[in-house]
Amino acid sequence: MKRFHVIVDGKVQGVGFRYHTQITASQRDLTGWVRNKLDGTVELEVQGDPDQIVTFLSSLEKARFPAKVADIKSTEISIQENEGMFSVRG
C-alpha cells in the first residue's frame, strides 16, 4: 500500500472534477480526499494499491471536457491507517 499527495493544474475547478476524482478513486478501492485550492489547482491525497494508483492518476489526465488537466505532480507520503473512503472536502 502507498499514499501520494497530488496537485492537479489546469481547468479543474467548477467543472465537476472533484466528483469525477471521487468516483474514479472509489471504483478502484482507493481511499483519500480531494479539494479545491485558492490558486485554482485541485489537491488530493490517494492511498491504496500502487498499480491502482497509477491507473487512477492516468485517468485523471484524461478527464472529460470541460475539465482540462495541464499537469499532475505527485509525491509519496506516509500512509494513513484506518481510512475508509475517498471523500470530497469543501
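Only the coordinates and a few stated rules stand behind these numbers; no lab work does. These numbers were taken from a predicted model, which means no experiment stands behind them. Note: ideal-geometry Cβ built from the backbone for every residue, glycine included; neighbour counts use all protein chains shown.
General observations
- Packing-based ranking of 71-82, 53-64, 25-36 yields 25-36, 53-64, 71-82, ordered from highest to lowest mean Cβ neighbour count within 10 Å.
- Folded to 0 to 90 degrees: helix 17-27 orientation relative to the chain principal axis, Cα: 30 degrees
- Charge-dipole axis of region 2-77 as Lys and Arg at +1 and Asp and Glu at -1 on Cβ define it, positive-most pick from LEU30, PHE56, HIS20: HIS20
- In summary, region 2-77 shows an alpha-carbon radius of gyration equal to 0.97 times the 2.2 N^0.38 Å reference for compact globular proteins.
- In order along region 62-69, the phi-based Karplus estimate (6.51 cos²θ - 1.76 cosθ + 1.60, θ = phi - 60°) of 3J(HN,Hα) comes to 9, 4, 6, 4, x, 5, 8, 7 Hz; Gly and Pro are listed as x.
- LYS2 versus ASN82: modelled label distance in nm, points set 7 Å from Cα along the beta carbon direction: 2.7 nm
- Principal-axis analysis of the Cα atoms of the chain puts helix 50-61 at an angle of about 10° to the longest axis.
- Within the chain, DSSP assigns beta bridges of which about 90% are antiparallel (rounded to the nearest 5).
- Short-range pairs are left out: with C-alpha atoms under 8 Å and at least six residues apart, the relative contact order of region 25-90 is 45 percent.
- Spin-label model distance (nm) - LYS73 vs GLU61, 7 Å beyond Cα toward Cβ: 1.7 nm
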